[in-house]
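The values are calculated or read from the model by the stated rules, or taken from the named source; none is laboratory data. Just so you know, these numbers come straight off a predicted model, no measurement behind them. Cβ: placed from backbone, ideal geometry, glycine included. Neighbour counts: every protein chain shown. Side chains included, ligands, DNA and RNA excluded: accessible areas come from the protein's heavy atoms. Shrake-Rupley method; radii C 1.70, N 1.55, O 1.52, S 1.80 Å.
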Amino acid sequence: MGNEPEDSRRRPTNRRRFLGASGLALASVGFAGCLGILDGDGGTAGAVSDADPLANPVDSTAVSWDDLGKLEGELTIYSGRTRDQIDPVFDALEDEYDGLTLSVDSDDNDVQVNQILQEGDATPADVMYSQDPGALGELERNGALQRLPDDVVDAVPESYREPDGYWTGVTGRVRAIQYNGDRLDELGLDGPEDFPTDIAAFATDDRFAGVISTRPNSGTFRGFIQAMVELEGEEATREWVRAMVEDQDVQLFSGGSDQAEAVNRGGDGDPIVALGNSYYAARIVNENPDAPIGATFTENDAGCLFSVAGVGATTTADDPELVAEFVRHLLAEEGQTFMMEANGEYPVVEGIDYVGEFPDLEEINPPEFDLSDFDMDLQEANELLEDEGMTV
């Protein structure tokens, strides 16, 4: 799924797509070790990790933009997030700092990773902004990312970042069961509390046949599948996917916003239930508190997996100080709060409390899962989905 056309300010170049979205792992073959500019001591030249804070460092209690240095200069960002999700925070930063220009190239996560690997040390990208940890792990394994500053690394819990600081989560999201509250009687449910709390049941419960949906092409869904494999085993995961396709006649969407809007719309043929990230429903509710869409959660399984959108600095970043300060702004109080309020996401800095229409993480009880494990090859999840016929 491609994103909407970009305006002229946010289009650094026109680029051809080198590989399709399912070929992330294939693109990296042969590129390992060819990326990055190393100095004589084996360190990265112009290292972002050496960039001192222009004012105050960030920390786990969250600082304000007023405490940080000004953002001045130009950054080229390859973004794997859709523009409606991420442009608002970019616009807010450019409004805050007259001297800042963000050249943002938006496309599918896999396309952006492939592009950086193809471009090698000629890539114009300073930052990769990914919708999930898997893409950042792919870049890190291929030497395309450099370590972030210590204060940035230490501000985020270790399970939400690469252990050595080569990428960090900047906002969180949790898998959820979205539903249309006006149509629950069609399922024989009195309320959201009557939904199963085990993700396995959604593939076997006849009430959901023909009215359940998901989005198999997203990185977070592949992460969900990978988590299910690790928590339940590959065969159980294959059986779940197979049952969703063959028994439940699952509706497949290519966009998370489209999926949530279909549930909220509630027309004939629209799904009543959606497996997806809670923030898609949260954004609708934020705009219209009377919207029928809601979200509930399974308990301690892959169905309520907490994951992150994150950033990494490329080894060829032109202005290490600016890259470091940009990431600090994403982790500061305004950056965290802005994405929480505007986009329905969860903060990753412990000093920021979640404020939203849906439960916080302590109430949801997601499984304990180290997101750095997503450094493993998500191509296996792709292949499993293709084998079992869940593709769009």
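Pull up the stretch 298-312, narrow it to residues that are over 19 Å from LEU145 (Cα atoms) and small (Gly, Ala, Ser), then point me to the one that is nearest to the chain's Cα centre (by Cα).
Result: SER307.
If a residue counts only when it is among the charged types (D, E, K, R) and closer than 24 Å to SER307 by Cβ, which strands (runs of 3 or more DSSP E) contained entirely in the stretch 37-154 have at least 3 such residues?
Once the strands (runs of 3 or more DSSP E) in the stretch 37-154 are filtered for at least 3 residues that are among the charged types (D, E, K, R) and closer than 24 Å to SER307 by Cβ, nothing remains.
Looking at this structure, is GLN85 open to solvent by 10 Å² or more (accessible area, probe 1.4 Å), in contact (Cβ under 8 Å) with a residue 40 or more places away in the chain and within 22 Å of SER218 (Cβ to Cβ)?
Judged against the criteria, GLN85 is not a match.
Criterion first (surrounded by fewer than 24 Cβ atoms within 10 Å (Cβ to Cβ) and either farther than 10 Å from VAL273 by Cβ or of a type in the set (Gly, Ala, Ser) (or both)) does VAL174 satisfy it?
On the way: surrounded by fewer than 24 Cβ atoms within 10 Å (Cβ to Cβ): yes; either farther than 10 Å from VAL273 by Cβ or of a type in the set (Gly, Ala, Ser) (or both): yes.
Here the answer is yes, as VAL174 does meet what is asked.
Exactly one condition in (1) part of a strand (DSSP E or B); (2) modelled with pLDDT under 95 is false for ASN217; which is it?
Only one criterion is unmet by ASN217, namely (1).
What pairs come up if the first residue lies in the stretch 365-379 and is at pLDDT below 75, the second is part of a loop (DSSP other than H, G, I, E, B) and acidic (Asp, Glu), and their beta carbons are under 6 Å apart, counting only those six or more places apart or on different chains?
As it stands, the answer is SER372/GLU162, since those pairs meet every condition given.
If we scan the stretch 131-138, do we find a residue that is more than 13 Å from the chain's Cα centre (by Cα) and of a type outside the set (A, V, I, L, M)? Spell out how you get there, then give the answer.
The initial filter retains those residues of the stretch 131-138 that are more than 13 Å from the chain's Cα centre (by Cα), namely 138.
Keeping just the survivors that are of a type outside the set (A, V, I, L, M) gives 138.
There is at least one residue in the stretch 131-138 that is more than 13 Å from the chain's Cα centre (by Cα) and of a type outside the set (A, V, I, L, M).
Being crowded, with 18+ Cβ neighbours inside 10 Å, under 14 Å from LEU384 (Cβ atoms) and of a type outside the set (A, V, I, L, M) is the filter here; which residues of the stretch 226-271 pass it?
Selection gives GLN226, THR237, TRP240.
Does THR197 satisfy being touching a residue at least 40 places away in the same chain (Cβ under 8 Å), within 21 Å of LEU275 (Cβ to Cβ) and open to solvent by 30 Å² or more (accessible area, probe 1.4 Å)?
yes
Could you list all residues from the stretch 313-335 that are open to solvent by 20 Å² or more (accessible area, probe 1.4 Å) and either closer than 24 Å to PRO88 by Cβ or within 20 Å of the chain's Cα centre (by Cα) (or both)?
If the condition is that a residue be open to solvent by 20 Å² or more (accessible area, probe 1.4 Å) and either closer than 24 Å to PRO88 by Cβ or within 20 Å of the chain's Cα centre (by Cα) (or both), then ASP319, GLU333, GLU334 are the ones that fit.
If I go through the stretch 340-359 residue by residue, how many of them are modelled with pLDDT under 85, open to solvent by less than 60 Å² (accessible area, probe 1.4 Å) and closer than 30 Å to ALA291 by Cα?
Residues that pass the stated criteria total 3.
Which residue, of THR168, THR214, THR204, is of a type in the set (S, T, N, Q) and closer than 20 Å to PRO347 by Cα? Don't jump to the end; show me each part of the working.
Numbers: THR214 fails: closer than 20 Å to PRO347 by Cα; THR204 fails: closer than 20 Å to PRO347 by Cα.
It is THR168.
Can you give me the number of residues within the stretch 272-298 that are open to solvent by 20 Å² or more (accessible area, probe 1.4 Å) and in contact with an Asp or Glu (Cβ under 6 Å, 6 or more places away or on another chain)?
Residues that pass the stated criteria total 1.
How about the stretch 163-189: which of its residues are in a loop (DSSP other than H, G, I, E, B) and out of contact with any Leu (no Cβ under 7 Å at 6 or more places or on another chain)?
Selection gives PRO163, ASP164, GLY188, LEU189.
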